[in-house]
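The values are calculated or read from the model by the stated rules, or taken from the named source; none is laboratory data. Predicted, not measured: the structure shown is a model, and the values here were computed from it. Here the Cβ positions follow ideal geometry from the backbone for every residue, glycine too, while neighbour counts run over all protein chains shown. In case anyone asks, the SASA skips ligands and DNA or RNA and just uses the protein heavy atoms, side chains included. Shrake-Rupley method; radii C 1.70, N 1.55, O 1.52, S 1.80 Å.
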Amino acid sequence: MKFKKLSDDKFRCYISKEEMDESGIQLTDFMTNQSKAQSFVHDIVNKACNALDIKQQAGAYSVQMMIFLN
């Protein structure tokens, strides 16, 4: 998993299919299991904020997630 900071409240996440599998989430979960997908994205935001030294605030974040299916 790689992160790229775009601004103070925007980042991009690059994640492989294998990393998603390790996290126990599938692409279909984003359409069928909202609570599971929301929990996954929340974990990604926490990891990215720690990795990129972004201060977590109560506001919104813009997340761009790219999944590599190789």
Calculated from backbone phi, Karplus (6.51, -1.76, 1.60) coupling profile of segment 30-40 in Hz, x at Gly/Pro: 5, 9, 10, 10, 4, 5, 5, 5, 5, 5, 4
Dipole magnitude (debye, nearest 20) for segment 12-70, charges at Cβ of Lys, Arg, Asp, Glu: 240
Of S62, S7, S35, farthest towards positive along the dipole that unit charges on Lys, Arg, Asp, Glu beta carbons give the chain: S7
Accessible area of the chain belonging to carbon and sulfur atoms, whole % at 1.4 Å probe: 49
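Quick one: ranking K55, K17 by accessible area, 1.4 Å probe, largest first, what do you get? Let's see the in-between values first.
Working: K55 155, K17 50 Å².
Result, largest first: K55, K17.
I'd like to check one number: the per residue accessible area of the chain, probe 1.4 Å, reported in Å² as a whole number.
69
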